[in-house]
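S.K.: Attaching a single structure in structure tokens format; questions to follow.
The values are calculated or read from the model by the stated rules, or taken from the named source; none is laboratory data. Computed from a predicted structure; not experimentally measured. Here the Cβ positions follow ideal geometry from the backbone for every residue, glycine too, while neighbour counts run over all protein chains shown. Areas reflect the complete protein model, heavy atoms only, side chains present, ligands, DNA and RNA absent. Shrake-Rupley method; radii C 1.70, N 1.55, O 1.52, S 1.80 Å.
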Amino acid sequence: MLDKVYYDDLETRSSDARHAAQLEAVNAQLARVAEAAGNCLPDIGKLKYLEDLAHLPVLRKSELAKWQAEKPPFGGIPVSNIAHIFQSPGPIYEPGGVGHDWWRMGRFLHAAGFGPGDIVQNCFGYHLTPAGMIFENGARAVGATVMPAGTGQTELQVTAARDIGTTAYAGTPDYLKIILDKAEEMGITLGITKAAVGGGALFPSLRQEYADRGVTCMQSYATADLGNIAYESPALEGMIVDEGVVVEIVTPGTGTPVAPGEVGEVVVTSLNPDYPLIRFATGDMSAVLEGHSPCGRTNMRIKGWMGRADQTTKIKGMFVRPEQVAALVAKHDDITRARVIATRQGEKDAMTVQIESLNDNADAYAQSVADTLKLKGAVEIHAPGSLPKDGLVIEDQRSYD
């Protein structure tokens, strides 16, 4: 049992206190950026109100990648107190620190019931990408012990979980089911009772399956660039925005805030002084929920992930982008068009790649699909001109209800 309900007093402060503190922090971030060599914002002085953020330009991943190419590794953004450099597709390079709760994931893990005495099997990747370190840093912040498991070698994962007494799981929503199913197949009973997941959608049916198996599962919304953005609490009514960011919901492709409750793109200003990202566009869609969470946390809530502002789709915890589909087509003279379909099969993400080609040998494209999209999937051959002409190259058929 945790000794306290809340991670700290910030979670229950008044709206006025939060607004004043965040305004001060945003102005400090703007000053850092304006003073940096090769800064990306003019010196605009101090904002009078937090809402004045809407007058500043939105920073998109494509721009960040361009800045980084021109001025490696971080594009001239003033970065400090870092211990790691990570790489995401683009490529985009992200800094990482080892200071207390640097990515603010401890706040989510505390809400999910993680704490001293827990042994966390951290099944997020540690190779190049920051997810593994993000959750490890958060686990340390709440006093838990971590096994840096990564993904794969499921039989060994089961054995280790039994031998060391794993009590908690961190990883993508799907992979915990693979571990639990393998343990059942091996005749092993595991002691995992709580799970903190991210990197993909947690479908209601999968959450219920975990509950039926004695595992309480909650999810966070985080990115490699920003760390934790929002997280579930035991109330399970939307996702509570983290105290270390300012979130805006804007009309996709613009920086204009939408009306309260409307769906739009999530734009985030980080208050982390070590990496000041101002109005960073995530490309994710969400909407603000009215009121406060019944759990007593007072910050704004969002509905969670509601798709992508573009056609980029996360499958098995990996982003698949329209540019990758175009690259697959360009690799083969006999492919005229291609379409990626995301579905669910047995509580797991599945990917099907539909290809228009006169070559009816699907196996001929399997390796190319894996190399280009960075995921394995079924390949279907269709006659040239037969795929829908609706502008979609990535179609998400999964239900999020």
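S.K.: So which residues in the stretch 106-142 are without any contact (Cβ under 8 Å) to a residue 40 or more places away in the chain and either under 15 Å from the mean Cα position of the chain (by Cα) or within 22 Å of Thr159 (Cα to Cα) (or both)?
M.R.: If the condition is that a residue be without any contact (Cβ under 8 Å) to a residue 40 or more places away in the chain and either under 15 Å from the mean Cα position of the chain (by Cα) or within 22 Å of Thr159 (Cα to Cα) (or both), then Gly125, Tyr126, Gly132, Glu136, Ala139 are the ones that fit.
S.K.: In the stretch 86-102, is there at least one residue being buried (at least 19 other Cβ atoms within 10 Å of the Cβ) and over 22 Å from the mean Cα position of the chain (by Cα)?
M.R.: Looking through the stretch 86-102, none of the residues is buried (at least 19 other Cβ atoms within 10 Å of the Cβ) and over 22 Å from the mean Cα position of the chain (by Cα).
S.K.: Are any of the residues in the stretch 273-287 over 24 Å from Asp174 (Cβ atoms), touching a residue at least 60 places away in the same chain (Cβ under 8 Å) and open to solvent by 40 Å² or more (accessible area, probe 1.4 Å)?
M.R.: yes
S.K.: Residue by residue through the stretch 148-205, note down the ones that are of a type in the set (Gly, Ala, Ser), touching a residue at least 40 places away in the same chain (Cβ under 8 Å) and open to solvent by 50 Å² or more (accessible area, probe 1.4 Å).
M.R.: Ser205
S.K.: From the list Arg337, Arg344, pick out the single residue that is assigned to a strand (DSSP E or B), of a type in the set (D, E, K, R) and over 30 Å from Leu176 (Cα atoms).
M.R.: That would be Arg337, the only listed residue that is assigned to a strand (DSSP E or B), of a type in the set (D, E, K, R) and over 30 Å from Leu176 (Cα atoms).
S.K.: Here is a further query. Do you know which residues across the stretch 260-283 are of a type in the set (D, E, K, R) and either modelled with pLDDT of 95 or more or closer than 25 Å to Val98 by Cα (or both)?
M.R.: The answer is Asp274, Arg279.
S.K.: When you go through Ile341, Ile381 one by one, which is the residue that is β-branched (Val, Ile, Thr) and in contact with a helix residue (DSSP H, G or I) (Cβ under 9 Å, 6 or more places away or on another chain)?
M.R.: Ile381
S.K.: Need pairs with beta-carbon distance below 8 Å; first residue over 12 Å from Val340 (Cα atoms) and among the basic types (Lys, Arg) and within the stretch 369-392, second open to solvent by 70 Å² or more (accessible area, probe 1.4 Å) and part of a strand (DSSP E or B); sequence gap 6+ or separate chains.
M.R.: Short answer, once both residue conditions are applied: Lys374/Met318.
S.K.: Across the stretch 206-229, what is the total count of residues that are small (Gly, Ala, Ser), part of a strand (DSSP E or B) and open to solvent by less than 30 Å² (accessible area, probe 1.4 Å)?
M.R.: Going through the stretch 206-229 one residue at a time, the tally reaches 2.
S.K.: Check Pro89 against each of (1) touching an Asp or Glu at 6+ places or on another chain (Cβ under 9 Å); (2) closer than 22 Å to Phe135 by Cβ; (3) not basic (Lys, Arg) and name the one condition it does not meet.
M.R.: (1)
S.K.: Only residues that are closer than 20 Å to Pro234 by Cβ and polar (S, T, N, Q): list them for the stretch 280-311, please.
M.R.: Listed by number, the residues that qualify are Ser293, Thr298, Asn299.
S.K.: Scan the stretch 95-135 for residues that are of a type in the set (Lys, Arg) and at positive phi and jot them down. Don't jump to the end; show me each part of the working.
M.R.: Let us first name the residues in the stretch 95-135 that are of a type in the set (Lys, Arg), namely 104, 107.
If the condition is that a residue be of a type in the set (Lys, Arg) and at positive phi, then Arg104 is the only one that fits.
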